[in-house]
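Here is the structure we will look at, set down as structure tokens.
Throughout, read-outs are computed from the coordinates displayed, never taken from laboratory work. If you're wondering where the values come from, they're calculated on a predicted model, not measured in any experiment. Reconstructed Cβ throughout: ideal geometry from the backbone, glycine too, with neighbour counts over all protein chains shown.
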Amino acid sequence: MQVVRLGIIGLGNMGKGHINYLAKGEVSGVVISAVSDSVPESLKWAEEKLGDAVSRYASPYEMMDSGKIDAVLIATPHFSHPELAIAAFERGLHVLCEKPAGVYTKQVRQMNEAGSKANVKFSMMYNQRTNPLYVKLKELIDAGELGEVRRTNWIITNWYRSQSYYDSGTWRATWAGEGGGVLLNQDPHQLDLWQWTISMMPKRVRAFCYFGKHRDIEVEDDVTAFVEYENGATGVFVTTTGEAPGTNRLEISGDRGKIVIENNTLTFWRLRVSEKEFNQQFKGGFGGPECWKCEIPVGGPYPDHKGITQNFVNAILHDEPLIAPGEEGIKGLMLSNAMLLSTWTDNWVDLPIDEDLFYSYLQEKIENSTYQKEAQPQ
Ligand SMILES: NC(=O)c1ccc[n+]([C@@H]2O[C@H](COP(=O)([O-])OP(=O)(O)OC[C@H]3O[C@@H](n4cnc5c(N)ncnc54)[C@H](O)[C@@H]3O)[C@@H](O)[C@H]2O)c1
């Protein structure tokens, strides 16, 4: 294969975003061959934007069966990601899937199983994995610069969303349409980076989610979670869409100091000797290890969505390793499912979570939902 023929499913905000850079030829080795959207106006938009050389389908399955594409980019609402990915795998098509991987881990596990059976490339659109700040953080931790991780703390409250945002789509912020709130829509990148950068998933989670606390919505818009890791480390994750001005601060402490990412800078407070070593040798009562504050230079390009798409294309054409392998999408989703489950059961939740229990709670929320809303034009 010389050029990947891509079919894009879902021509909403994100699908259009992908089309914008692809149509300008900013990713090499790929052409948009077809698009699909269930809404006629979106297909009309595609006709005007892309012309007749790009085939248009109301049904994604018809597009997948057309023989005109080698790969799909799934940019539809979350619930449909696993179902569409599985259909693509069954047809031998490569899959690039928008985040989150799905709404509940049970369906994402099925997607991963189908993906592992198909001889195709499968990537998640975790574009933040190309952000030089988090790439550098992972590199430092992988290299052992921070020593053993002891504490993680992410305050991510700068996802401000107004009521008019929630009112702009009937699927948004409903159990039936979206399956969750800030954890599922805004936070998937942070939940992925939280475990990806330290190469560690928590072993258990205790969380407090508040539903419709700041807005007239039925899903969670304010969350505080406490987690424990196998090695004894602990972590806190705080998030909301209802605060202004918000904060985005990730702090990771280890045996050799702490790293903070905030305001687009990465600061490493580096201990001259490890805390453990200092404690063994120091006999002076009060006192602490010598610490150097280092502003770590973080440069280089931030290829963002384009970078993940280019990597996906390169993986298909040249077997380049994937930055965000599709089967890793379940990890961040597991964390958000665990936070909701902990709130619903008012208890600790061990990981991996009881997928059937989460699924039954979610179904109950969907069935008992009395939430009605009319879509407002934006
Ligand atoms: N990676 C990122 O930074 C990022 C940013 C925004 C959104 N997203 C993700 O992208 C996905 C879409 O979000 P959005 O904001 O573009 O939503 P949107 O509502 O603007 O667009 C969704 C589109 O999908 C179409 N659609 C729905 N079901 C379909 C189906 N079965 N077949 C064909 N078309 C279908 C709808 O008609 C609509 O045009 C979400 O899962 C979201 O989390 C990712």
| remark: Percent antiparallel among DSSP beta bridges confined to the chain, nearest 5, equals 60
| query | Whole-Hz Karplus ³J(HN,Hα) for the stretch 149-166, in order, using 6.51 cos²θ - 1.76 cosθ + 1.60 and θ = phi - 60°, x for Gly and Pro? | reply | 5, 10, 8, 10, 8, 10, 9, 10, 10, 9, 9, 4, 9, 8, 4, 5, 5, 5
| query | For the pair TYR371 and TYR160, what calculated FRET efficiency results from E = 1/(1 + (r/R0)^6), where r is the Cβ-Cβ distance and R0 = 30 Å, to the nearest 0.05? | reply | 0.90
| request: Let me know the shape class of the stretch 14-86, please: from the alpha-carbon gyration tensor, a ≥ b ≥ c as square roots of the eigenvalues, rounded when a/c is under 1.5, otherwise prolate if a/b is greater than b/c, or oblate. | output: rounded
| request: For ASP346 and GLU26, calculate 0.36 nm times their separation in residues minus their Cα-Cα distance, and state this gained length in nm to one decimal. | output: 110.4 nm
| message | For the chain, set up a GNM with springs between Cα atoms under 10 Å and report which of GLY284, GLY181, GLY307 has the largest fluctuation. | response | GLY284
| request: Could you tell me how many degrees, from 0 to 90 and to the nearest 10, lie between the Cα long axis of helix 13-23 and the main elongation axis, the longest principal axis, of the Cα atoms of the chain? | output: 80
| Quick one: SER336, SER342, SER59, fewest Cβ neighbours within 10 Å first, how do they rank? | SER59, SER342, SER336
| field | Cα centroid separation, the stretch 319-339 to the stretch 149-226 (Å) | value | 16
| query | Could you give the angle, 0 to 90 degrees to the nearest 10, between helix 304-318's Cα long axis and the longest principal axis of the Cα atoms of the chain? | reply | 70
| query | Which of the GluC sites (Glu not before Pro) found in the stretch 197-255 are loop residues per DSSP with 12 or fewer other Cβ atoms within 10 Å of their Cβ? | reply | GLU230
| remark: Per its Cα gyration tensor (rounded if a/c is under 1.5, else prolate when a/b beats b/c, else oblate), the stretch 68-224 is best filed as oblate
| What value, in deg cm²/dmol to 500, does the helix sum -39500 (n - 2.57) over DSSP H runs of n ≥ 4 give at 222 nm once divided by the residues of the chain? | -10500 deg cm²/dmol
| request: Please report TRP348, TRP292 as a ranked list, fewest other C-beta atoms within 10 angstrom at the top and most at the bottom. | output: TRP292, TRP348
| said: If you average the alpha carbon positions of the stretch 267-292 and of the stretch 74-110, how far apart do those two centres end up, in angstrom? | reply: 48
| field | Gained length - LYS44 relative to GLN110, 0.36 nm times residue gap less alpha-carbon distance | value | 20.4 nm
| field | ASN119 paired with HIS318, simple spin-label distance in nm, labels 7 Å along Cα-to-beta-carbon | value | 2.3
| said: Tell me the relative contact order for the chain as a rounded percent, counting alpha carbon contacts under 8 Å between residues six or more apart. | reply: 20
| request: Could you check the simple spin-label distance between ASP52 and ASN153, using points 7 Å along Cα→Cβ, in nm with one decimal? | output: 6.3
| said: What is the sum of charges, Lys and Arg at +1 and Asp and Glu at -1, for the other residues whose Cβ falls under 14 Å from the Cβ of GLU228? | reply: +3
| request: Could you pull out every one of the lysines with an alpha carbon less than 30 Å from that of LYS106, ignoring same-chain neighbours closer than 8 positions? | output: LYS16, LYS117, LYS121, LYS138, LYS203, LYS213, LYS306, LYS331, LYS365, LYS373
| request: Report, in degrees rounded to the nearest 10, the 0 to 90 angle that the Cα long axis of helix 40-50 makes with the longest principal axis of the chain. | output: 90
| From the square roots a ≥ b ≥ c of the eigenvalues of the alpha-carbon gyration tensor of the chain, which class results: rounded (a/c under 1.5), prolate (a/b over b/c), or oblate? | prolate
| Which trypsin sites (Lys or Arg not before Pro) in the stretch 260-337 pass both tests, a DSSP loop state and at most 11 other beta-carbon atoms within 10 Å? | LYS283
